[in-house]
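Okay, so here's the structure we're looking at.
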Amino acid sequence: MSIKETPISSDSRAASKHRTYITILETYVAILGTILGLVFTWSQLRLSQNEDDRSRRAEPLSYTLEAVNTHYQYDIQQDGVAMSISAPSLRLYVTHGSLSSITAISFDGSAFHELSDLPILDRWEGCTVDVTMPAESLIVDGNLVYVYFFLFLQPTEGENQLDLICNTISLDTQEVQTSIFHPIALTQLSYLADSPQKELLLVYNALLNDFKGLGLL
């Protein structure tokens, strides 16, 4: 008994190749569709994130300031004696909004001792910045030394802010207490007797008026 093979016609071979091409094409289209879908989803998420970032930056600035121990030292000359006293740094914590500029200023009412532009972050919410300034602007009252500086904050949205930070140092115990004033009620100036507190407010008022003259406040 013999088996006779039926020859495959050229039309059948062409049809088989055509089906193979269609299958490959369908596979490529499916893969391309998946890739395009992933790219579209990623772009939508990115757009949403950018919109969220913009809305956060547009919020009015809200922040807290606190004194923290960062092993920072004050070098102070008192009656010809050099002293090195442990001093707290100031920690700025942003809870809402964003900053376009932040400057630490050492100013004693007549001269600027130091201006320090602090780093600007892409995202501020939940971020902290530590601020340290040398003991250039100070008031001595007996065994107490008042070391002070200012923090000028320019938010992306809302009004600029000028804060006064004062570290009060006891030369007897070398203890340091930090006071942070923001904002400051200057109406009490005319009612205060001569004191370090009044002198601090006078310096603050002088710097405030300079910034107002420049249109910064």
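Listed by position, the strands (runs of 3 or more DSSP E) inside the stretch 59-117 whose residues that are within 16 Å of the chain's Cα centre (by Cα) and of a type in the set (Val, Ile, Thr) number at least 2 are 81-96, 99-107.
So which residues in the stretch 64-80 are among the hydrophobic types (A, V, I, L, M, F, W, C), more than 18 Å from ASP172 (Cβ to Cβ) and at pLDDT below 85, if there are any at all?
none
Looking at the stretch 106-128, which of the residues that are buried (at least 18 other Cβ atoms within 10 Å of the Cβ) and of a type outside the set (Ser, Thr, Tyr) is farthest from VAL176 (Cα to Cα)? Quick ask: steps written out before the conclusion?
So the first thing to find is which residues in the stretch 106-128 are buried (at least 18 other Cβ atoms within 10 Å of the Cβ), and the list is 106-107, 124.
Still in the list and also of a type outside the set (Ser, Thr, Tyr): 107, 124.
Values: PHE107: 20, TRP124: 29 Å.
The residue in question is TRP124.
Pairing each residue of the stretch 91-113 that is more than 14 Å from ILE165 (Cβ to Cβ) and of a type in the set (Phe, Trp, Tyr) with any residue that is in a strand (DSSP E or B) and open to solvent by 20 Å² or more (accessible area, probe 1.4 Å), provided the two are 6+ apart or on different chains, yields C-beta distances under 8 Å for TYR93/TYR63; TYR93/THR64; TYR93/LEU65; TYR93/GLU66; TYR93/THR128.
In the set LEU202, LEU207, only one residue is in contact with a helix residue (DSSP H, G or I) (Cβ under 9 Å, 6 or more places away or on another chain), in contact (Cβ under 8 Å) with a residue 24 or more places away in the chain and surrounded by 13 or more Cβ atoms within 10 Å (Cβ to Cβ); that residue is LEU202.
The values are calculated or read from the model by the stated rules, or taken from the named source; none is laboratory data. These numbers were taken from a predicted model, which means no experiment stands behind them. Cβ coordinates were reconstructed from backbone atoms using ideal geometry, including for glycine residues, and neighbour counts include every protein chain displayed. SASA here: full protein model, heavy atoms, side chains in, ligands and nucleic acids out. Shrake-Rupley method; radii C 1.70, N 1.55, O 1.52, S 1.80 Å.
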